[in-house]
Ligand code: NAI
């Protein structure tokens with residue numbers, strides 16, 4: 001029996017990295033998958049790669065777009081069983097490099113959009129339903145440059161608990177998967193030059209007890225557990241998938 005047979009599952013920001021790998025795993029496990037992204041060309045490429053998926057162009061930081069996603073899923077499937085909130089901005093700057101617009105953008109994509117997406121989906125979330133939020137080890141660390149990113153990811157850990165507290169009576173549970181460093185296009189978007197980026201990656205490998213970056217599929221496998229009914233007794237919790245980075 002496939003682990004997600006007959007489930008309708010939404011993955012936000014599924015055109016690359018962890019989101020795309022998770023969409024692949026969801027398809028393999030028998031789910032009907034809905035994906036979102038901001039770029040029409042990249043959405044089309046991801047849809048071709050994944051096969052029979054519903055693609056919705058939407059900005060994860062835009063509240064009206066979150067309502068449109070919910071309306072489209074309601075009109076197409078009538079319900080949603082699994083939500084993986086993956087789309088995220090990783091904007092790293094020192095404290096004195098921040099301005100209000102950058103702060104608002106990180107908060108909008110990483111925190112505000114997810115909250116209003118869940119709100120918009122409430123009428124069609126099944127009983128049982130599983131919400132998985134993509135956190136980060138940065139929520140637990142005080143790494144220089146991560147001041148806003150880490151705060152947004154810490155907010156998601158809180159959100160998984162409060163959403164669960166409010167919604168578990170309806171059979172809806174929320175949990176967080178917090179990845180450590182994973183090889184995805186995200187690192188190319190941090191604004192480093194090539195040699196600085198190589199140095200940063202070497203530094204991270206040096207602090208990873210497992211001695212390497214994770215692969216997107218290794219995070220996706222954890223998300224499949226939360227998406228499936230195998231995790232039905234796991235509510236409001238966090239699974240850190242980080243090669244031992246924060247515990248060893
Ligand atoms: P990525 O850059 O490959 O994926 C990010 C995805 O989010 C892309 O599909 C992108 O198009 C989408 N996205 C970004 N802004 C969006 C917006 N406003 N609206 C809709 N979609 C948007 O990077 P990766 O690594 O797969 O990142 C996915 C999530 O994983 C993020 O939330 C990130 O914070 C988290 N994460 C990544 C880690 C890593 O080492 N790669 C570690 C910990 C967490």
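For the modelled label position 7 Å from the Cα of residue 248 along Cα-to-Cβ, which residues of segment 94-138 have backbone nitrogen atoms closer than 18 Å?
137-138
Sequence gap at least 6, Cα distance under 8 Å: using those rules, report the relative contact order of the chain to the nearest whole percent.
On the way: 484 pairs, mean separation 50.9, N = 248.
Worked out over the chain, it gives 21 percent.
How large are Rg and Dmax for segment 96-136 when calculated on the C-alpha trace, in angstrom?
Reported Rg and Dmax, both Å: 14.0, 46.
What relative contact order, as a whole-number percentage, does segment 1-116 give when Cα pairs under 8 Å and 6 or more residues apart are counted?
On the way: 188 pairs, mean separation 32.2, N = 116.
Reported as a whole number, the value is 28 percent.
Between 135, 51, 13, where does the largest GNM mean-square fluctuation fall for the chain, given springs only between Cα atoms within less than 10 Å?
The residue with the greatest mean-square fluctuation here is 51.
Relative to the longest principal axis of the chain, what angle (0 to 90°, nearest 10) does the C-alpha long axis of helix 17-28 take?
Here the helix axis deviates by roughly 30 degrees.
How would you rank 189, 153, 32, going from fewest to most other Cβ atoms within 10 Å of each one's own Cβ? Don't skip to the answer; put the middle values down first.
On the way: 189 12, 153 25, 32 20.
Ranking 189, 153, 32 by Cβ neighbours within 10 Å, fewest first, gives 189, 32, 153.
Taking 7 Å along the Cα-to-C-beta vector as the label spot, tell me the residue 1-residue 215 distance in nanometres, rounded to one decimal.
2.9 nm
Going by how many other beta carbons lie within 10 Å of each one, how would you line up 146, 237, 158, fewest first?
158, 237, 146
Angle between the Cα long axis of helix 40-50 and the longest principal axis of the chain, 0 to 90 degrees, nearest 10?
Approximately 70 degrees, to the nearest ten.
What is the fewest-to-most order of 81, 104 by other Cβ atoms lying within 10 Å of their Cβ?
Working: 81 22, 104 13.
With the sparsest Cβ surroundings first, the list reads 104, 81.
Report the gain in length on full extension from residue 96 to residue 72: 0.36 nm times residue separation, minus Cα-Cα distance, nm rounded to one decimal.
Additional length available on full extension: 4.5 nm.
The numbers here are math on the coordinates, done by the rules we state, and not lab data. All of these numbers come straight from a predicted model, not from anything done at the bench. Because the Cβ atoms are built from the backbone with ideal geometry, glycine has one as well, and the counts that use them run over all protein chains shown.
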